[in-house]
Amino acid sequence: MKTAAIYARVSSTQQKEEKTINSQTAALVAFAKSEGYSVPDEWIFEDAGYSGASLVRPGLERVRDLAAEGQIQAILVLAPDRLSRKYAYQILLIEELSRNGVETVFLKSPRNETPEDQLLLQFQGMIAEYERAQILERSRRGKRHRARQGEISVLGGAPYGYRYIRKQDMQAAYYEVIETEAAVVRQIFALYTITGLSIGAIARQLSEKGITTQRGGARWEHSVIWAMLRNPAYYGKACFGKTQVAERVRITRPTRLRGEHASPSHALTLISRAISGLKSRYHH
């Protein structure tokens, strides 16, 4: 009898709430019994709410550790896209497990025993990756449209000083001010724009006073204060899509001598607007 581990995964919160991961696990447990696999209870791993586009998942990490330690002979998974949404990651994981003598068995996939099975598996992987790209694009367009309509729901979490109130049947999502935290926010902007303290000095002062951060920490980091000062939500313009992935531009001495310069940071523009708005507000 082969010793095996079971791996199940769902990515979205909705799937997690609907317990679809339990149905995966139940199907795999039944399959293991029918095929004669021995699966200890502690070797049933579930990654609920983890994206298949990433390999950093606690359950998957434990499965890979067991394989490397030589403790399992097989891993049972519902389908290739549960292992990963990216075909390249599927192949990487299957080959890694195979090198450790572990067979990857998919409940809803060919057995990968013939060239035809391997070809079909490759097609399934590519189709899963294509479907994920489609889902991401539809989600991006939908969120952008709702953002243009002024809906807060696309932003999700709220910055320090606010509480995010989820959308209900008769009410749209909105930010609710937390008065105790709002006082701290006003203090931070006053110390920076009026008193003229540096960001580091503000962080030290808040830490010394015992004011807790948004996550309940006792120490305020330089980066946290900087992010608050440049966040447009504090002057009434919470923005969607204000960051984007771009190639990092490294300006070296030779490039400067050639007259090449990095474009001005958008963050500086945001903070200058916030500071000017606060100054006019305090002066009045």
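Cross-link list Lys108/Lys167; Lys167/Lys237; Lys86/Lys108: which exceed 29 angstrom alpha carbon to alpha carbon?
Lys108/Lys167, as the Cα separations exceed 29 Å there.
Rounded to the nearest percent, how much of the accessible area of the range 173-215 (1.4 Å probe, protein heavy atoms only) is carbon and sulfur?
Exposed carbon and sulfur together represent 51 percent of the surface.
Counting heavy atoms of the protein chains only and a 1.4 Å probe, report the per residue accessible area for the range 26-74 as a whole number of Å².
I get 50 Å² per residue for this part.
Give the residue list of GluC sites (Glu not before Pro) in the range 37-110 that are DSSP loop and have at most 16 other beta-carbon atoms within 10 angstrom.
In loop regions of the range 37-110 (DSSP not H, G, I, E or B), the sparsely surrounded GluC sites (Glu not before Pro) are Glu69.
Say R0 is 30 Å: what FRET efficiency, to the nearest 0.05, do Lys237 and Met170 get from their beta-carbon distance?
With a Förster radius of 30 Å, E is 0.70.
The values are calculated or read from the model by the stated rules, or taken from the named source; none is laboratory data. Values in this document were obtained by computation on a predicted structure and should not be read as measured data. Positions of Cβ are backbone-derived with ideal geometry, glycine not excepted, and every protein chain shown enters the neighbour counts. Calculation scope for accessible area: heavy atoms of the full protein, side chains included, ligands and nucleic acids excluded. Shrake-Rupley method; radii C 1.70, N 1.55, O 1.52, S 1.80 Å.
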